[in-house]
Amino acid sequence: MPLLSVRKLALLSVLTAVSLGIQLTPRPPNVEFTSLFTFLVGILYGSLIGGFFGGFVMFVNGFLSPWGFGGFMMPFQIVGMAIIGIAGGFYKRCTVGVHSAQVSVEVAVLGAFLTLLYDIITNVGVAVPPALSGVPWHIALIAAFSTGAPFSLVHIISNIALFGSGFIPLIKALQRVPGGEALWSKKELLHSQR
Amino acid sequence: MVKKRTLAFATLAILVWAALATSVLGYYYLRFQEYVDLSREYEAVTMKVDIYIHYGNETNGVWHNNTIVPLGATLLNATGLVADTQYTYWSELGAAFIDSIDGVANNVTEGKSWFWWYWETTSFKWILGEVGANQHMLHRRNIVAWTYQSYETWPPSPPS
């Protein structure tokens, strides 16, 4: 783990608490903010911390979720959310700046893709118990994907809206906290000079 | 020229759409199969009938084909499944007579009321019902009709 300044660590703790707070609050199924926060942490702190952040939030969620104990699903949720954090770190390396409308669209598409990936991974988790009890794997998987489709639809559409509208205001606000480093502004400056 | 970056994100968006559309299709296919299985399961205790309702206006009436009703259902039960019906039960006759269907009510001043008919499959004719709708038991593949028309000319004209 890279060493973090006190401000960065404090911000990470606050983001963890906020994510967990929202994650554990009763809400419509599959409308969540954790993936957006995880993606943001990936951008602000890099892939390693982003991945760890997402995994940790889902780990705690697995025990305290209002929907009940995660069980078989928990490892899949952890992996799925960790991938979103890792993707945030990668996106930071290849972005074109923070203020453009292009970024909003890109992040919305990326949010949709990462949410789809998360849903695919967690649907595999849904298929595990029936598969272990004797149902053929392909049947268990098809059933899991098909029955989960309405939830995926809600999840992806809500995350397109959240990533598309929430990313730029949040990253602008968050980049000021770690002590004037303004990671994204620097990045933008770098790109504008190319 | 379209940038590589734009193309990459457009591809990603199409990929998400394709995957989501496929899974939604799968969901509806599963639901469809469930209903097919359910209808097969209930086939032994249900039957299909065709119900025609003509509201007495210029336009054509409405067909409710392949309406699934329980075995032993009467015309009154079946009509209640496809339309909003009001009726009066005459205990001395043991018969229920329709007062209104979908808000179109018997009207004494205009001399109009609801009549019911059944399709006679041997003579290929509509036959006017002579008992209350609750007294006419339906059978598999029966075709029945309701028409709203004047009773001042007798007999009323069959559904067209």
Q: Quick one: net charge around A:Ser158, please, counting Lys, Arg +1 and Asp, Glu -1 for every other residue with C-beta under 14 Å from its C-beta.
A: -1
Q: Run down the aspartates and glutamates and flag those whose C-alpha is under 16 Å from the C-alpha of B:Lys4, throwing out any fewer than 8 positions away in its chain.
A: A:Glu106
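Taking K and R as +1 and D and E as -1, what net charge do the other residues with C-beta under 9 Å from the C-beta of B:Ser150 add up to?
Within the 9 Å Cβ shell, the charges total -1.
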Q) Expressed as a fraction of 2.2 N^0.38 Å, the rule-of-thumb size for a compact globular protein of N residues, what is the C-alpha radius of gyration of region A:46-135? A) 1.27
Q. Which whole-number percent of Cα pairs in the protein assembly as shown have a distance greater than 39 Å?
A. 46
Q. Once you treat every alpha carbon in chain B as an equal point and sum by Debye, what is log10 I(q)/I(0) at q = 0.08, 0.10 Å⁻¹?
A. -0.40, -0.52
Q | Normalised per residue, the volume of the convex hull around the Cα set of region A:1-89 (Å³) | A | 79
(Q) Restricting to bridges with both residues inside region B:46-150, how much of the DSSP beta-bridge set is antiparallel, in percent to the nearest 5? (A) 85
Q) Give or take rounding to whole Å, what are the principal axis extents of the alpha carbon atoms in region A:8-183, in descending order? A) 57, 31, 27
Q: Would you mind counting up the charge near B:Gln86? Only other residues with Cβ under 13 Å from its Cβ, with Lys and Arg at +1 and Asp and Glu at -1.
A: -3
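Given the -39500 (n - 2.57) contribution per DSSP H run of 4+ residues, what per-residue ellipticity at 222 nm results for chain B, rounded to the nearest 500 deg cm²/dmol? Can you show the working numbers first?
Values: 2 runs with 47 residues, N = 160.
Mean residue ellipticity at 222 nm (helix-derived): -10500 deg cm²/dmol.
Just so you know, all these numbers are worked out from the coordinates, no wet-lab data involved. Values in this document were obtained by computation on a predicted structure and should not be read as measured data. Note: ideal-geometry Cβ built from the backbone for every residue, glycine included; neighbour counts use all protein chains shown.
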